[in-house]
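Read the figures in this text as sums done on the coordinates, not as results from a lab. Here the structure is a predicted model, which is why all the values come from computation and not from measurement. Quick reminder, even Gly has a Cβ in these numbers, built from the backbone with ideal geometry, and neighbours come from all protein chains shown.
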Amino acid sequence: MDNGLLTQALAKFFLGVILLGVLIFLPAWSLKFWQGWLLMGILFMPMFVAGLVMLVGNPNLLRKRLNAKEQEAEQKTVVKLSGILFIAAFVVAGLNWRFGWWILPNWAVWVAAGLFLASYLIYAEVLRENTYLSRTIEVQENQKVIDTGLYGIVRHPMYMATTILFLAMPLVLASPLSFIIMLGYIPVIAKRIKNEEKVLEEGLEGYKEYKQKVKYKVIPFVW
């Protein structure tokens, strides 16, 4: 086992736990915000298990997933915009719970949690299908076009999974206001996809033909 990779993964994991906890519970000014604990659980428990599986079975994939330093200038802007959206949505969710502005009923929270976990399964399947996945926009050595499984339905199933995940998060936190904020993720991810496809067309053999074969980017028959 790569101890350095393990240390890096654990450091990023616990940093993420702390940061999200601060963003949610500090504005709520209470640890009784049970929807916050629910989100923390369904987000980080599967993430921890997935990290262990990759560490043992595919450490190179885990290493690529931990690398979040973008080389493309346009993608750096996308990352910054995404970060602003997330911070705003989580802070507003905490404030929403604290002051009781607009709270979803419990049944809606649990439905959103189920949707969140279902999208996590899509995410896991994408990781299984595509070992070239990186958090940054790049063409890797010996990379090939993947056109089977979910990649035979949409060109970017990872973004399909993350879009559902991110839009479900504010609903798990019972905050329609945060959901409205998080809708801004859609144009942000559209910008990322446009740049990513340009990079892939220029550097990945067969990608132009793949685009002709699979028409939809994220959502079948819609987008």
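Before moving on, here are some points about what is shown:
- Extension gain for the segment PHE99 to LYS211, taken as residue separation times 0.36 nm less the Cα-Cα distance, is 35.5 nm to one decimal.
- FRET efficiency for the LEU52 to LYS80 pair, using the beta carbon distance and R₀ = 35 Å, is estimated at 0.70.
- Placing +1 on the Cβ of every Lys and Arg and -1 on the Cβ of every Asp and Glu, with no other charges, gives the stretch 3-213 a dipole of roughly 440 debye about its Cα centre.
- Whole-Hz ³J(HN,Hα) from phi, Karplus 6.51 cos²θ - 1.76 cosθ + 1.60, for the stretch 211-217, glycine and proline x: 5, 6, 6, 10, 7, 9, 7
- For the stretch 89-97, 3J(HN,Hα) per residue [Karplus equation, 6.51 cos²θ - 1.76 cosθ + 1.60, θ = phi - 60°, Hz, x = Gly/Pro]: 5, 5, 5, 5, 4, x, 5, 4, 5
- Look at the dipole of the chain built from charges on Cβ: of VAL145, VAL222, ALA9, the Cα furthest out on the positive end belongs to VAL222.
- Between ASN3 and ILE87, the simple label model (points 7 Å from Cα in the Cβ direction) yields a spacing of 3.6 nm.
- From the coordinates of this entry, semi-axes √(5λ) of the Cα gyration tensor in Å is computed, and it appears in (1) 25, 23, 18; (2) 31, 21, 16; (3) 38, 20, 15 under the label (2).
- If the chain linking ILE180 and LYS194 were pulled fully straight, counting 0.36 nm for each residue of separation and taking away their Cα-Cα distance, it would gain 2.7 nm.
- Going from the residue with the fewest nearby Cβ atoms within 10 Å to the one with the most, ARG155, ARG192, ARG63 rank ARG63, ARG192, ARG155.
- Averaging Cα coordinates gives a centre for the stretch 197-223 and one for the stretch 4-31; these two points are 35 Å apart.
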